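Here the structure comes first, spelled out in structure tokens, and everything after it is commentary.
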Amino acid sequence: MERIDKVISEQLSGISRKDARAMIRAGEVAINGRTASDPAQKTDPGLDEITVAGKRLFYREHLYIMLNKPAGVVCATRDRLSETVLGLLPEELRREGLFPAGRLDRDTVGFVLITDDGELAHRILSPRSHVPKRYFVRLSDDIPPGAAERFREGIEIDGGEMCLPAEMEQTSERECFLTLHEGKYHQVKRMFAALGSSVEYLKRTEIAGIRLDERLSEGECRELAPDELERLMNA
Ligand code: URA
């Protein structure tokens, strides 16, 4: 059970605890059809029907957001110079504690998962998790012969680091999909650099078997659907 003023300020962006108290005192908040007049009133937000100014509050303990990241935006919670992925979220999806679970380079586009569920993020990001991530890659030149085998065997990248086996599916002379089971710094670019190639365009298209929604234009986002969330939880 939680205080109603706390639930409202945590769930609704732009509403402070003080605002929530004022709304409650003004009679704008109801719990299961009864006006709540005391900000300290306890509620079970997962079970109770809460309305604020007549609108139903859909309680979610955590948010899980799929964002199609454009180039030029950084995967950070704040940055002095550049726009961040959090800055792209619409008002109704803004909340304290959100962060990108995993990073894409500034010039990489595609699927970024944004959440406030630290436990899940830790599982996805942990070096031992091996959650698959799929990328669409376009090189500046043709893909060198033998690339798929080198990646399948586990390629050594600069600095002597070994990569786990990765699957490459070539779709044209210069283009392929690459699935990784780990997330080293600049990994895709460094794997191709180890073959003497340079990545011209990079897009993450899947995380844990969840596909980036093609209906999302760059810069757009949506919450994960229940089946996608289940996949993520079981990843
Ligand atoms: N690999 C890279 O090189 N860059 C990314 O942004 C993601 C994977």
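The values are calculated or read from the model by the stated rules, or taken from the named source; none is laboratory data. Since the structure is predicted, the reported quantities are computational estimates derived from the model, not experimental observations. Using ideal geometry, Cβ is built from the backbone for each residue, glycine included, and neighbour counts are taken over all protein chains shown. We work out accessible area using only protein heavy atoms, side chains counted, and drop any ligands, DNA or RNA first. Shrake-Rupley method; radii C 1.70, N 1.55, O 1.52, S 1.80 Å.
When segment 80-102 is limited to residues that are free of Cβ contacts under 8 Å to residues at least 60 places away in the same chain and within 16 Å of the ligand (Cβ to nearest atom), the one that is farthest from Glu223 (Cα to Cα) turns out to be Ser82.
Check whether at least one residue in segment 139-155 is among the charged types (D, E, K, R), without any contact (Cβ under 8 Å) to a residue 12 or more places away in the chain, more than 16 Å from the ligand (Cβ to nearest atom) and not assigned by TED's automatic domain parsing to the domain that holds Phe99, and report yes or no. Yes; the residues of segment 139-155 include at least one that is among the charged types (D, E, K, R), without any contact (Cβ under 8 Å) to a residue 12 or more places away in the chain, more than 16 Å from the ligand (Cβ to nearest atom) and not assigned by TED's automatic domain parsing to the domain that holds Phe99.
Of all residues assigned to segment 105-116, at least one qualifies as being assigned to a strand (DSSP E or B), small (Gly, Ala, Ser) and surrounded by 14 or more Cβ atoms within 10 Å (Cβ to Cβ). Among residues of segment 172-207 being within 19 Å of the chain's Cα centre (by Cα) and over 12 Å from Val137 (Cβ atoms), the one that is nearest to the ligand (Cβ to nearest atom) is His186. In summary, strands (runs of 3 or more DSSP E) completely within segment 167-235 and bearing 3 or more residues that are open to solvent by less than 20 Å² (accessible area, probe 1.4 Å) and in contact with a strand residue (DSSP E or B) (Cβ under 8 Å, 6 or more places away or on another chain) occur at 175-180, 199-207.
Being within 11 Å of the ligand (Cβ to nearest atom) and open to solvent by 40 Å² or more (accessible area, probe 1.4 Å) is the requirement here; does Lys133 meet it? If you could, list the steps in order and put the result at the bottom.
On the way: within 11 Å of the ligand (Cβ to nearest atom): yes; open to solvent by 40 Å² or more (accessible area, probe 1.4 Å): no.
No: the conditions fail for Lys133.
Checking each residue in segment 93-115 for being farther than 19 Å from Tyr201 by Cβ and among the acidic types (Asp, Glu) picks out only Glu96. Do you know which residues across segment 43-61 are among the polar types (S, T, N, Q) and either in the same structural domain as Asp116 (by TED's automatic domain parsing) or under 19 Å from Arg95 (Cβ atoms) (or both)? Within segment 43-61, Thr43 is the sole residue that qualifies.
Among the residues of segment 72-84, not a single one is surrounded by fewer than 19 Cβ atoms within 10 Å (Cβ to Cβ), among the β-branched types (Val, Ile, Thr) and over 19 Å from the mean Cα position of the chain (by Cα).
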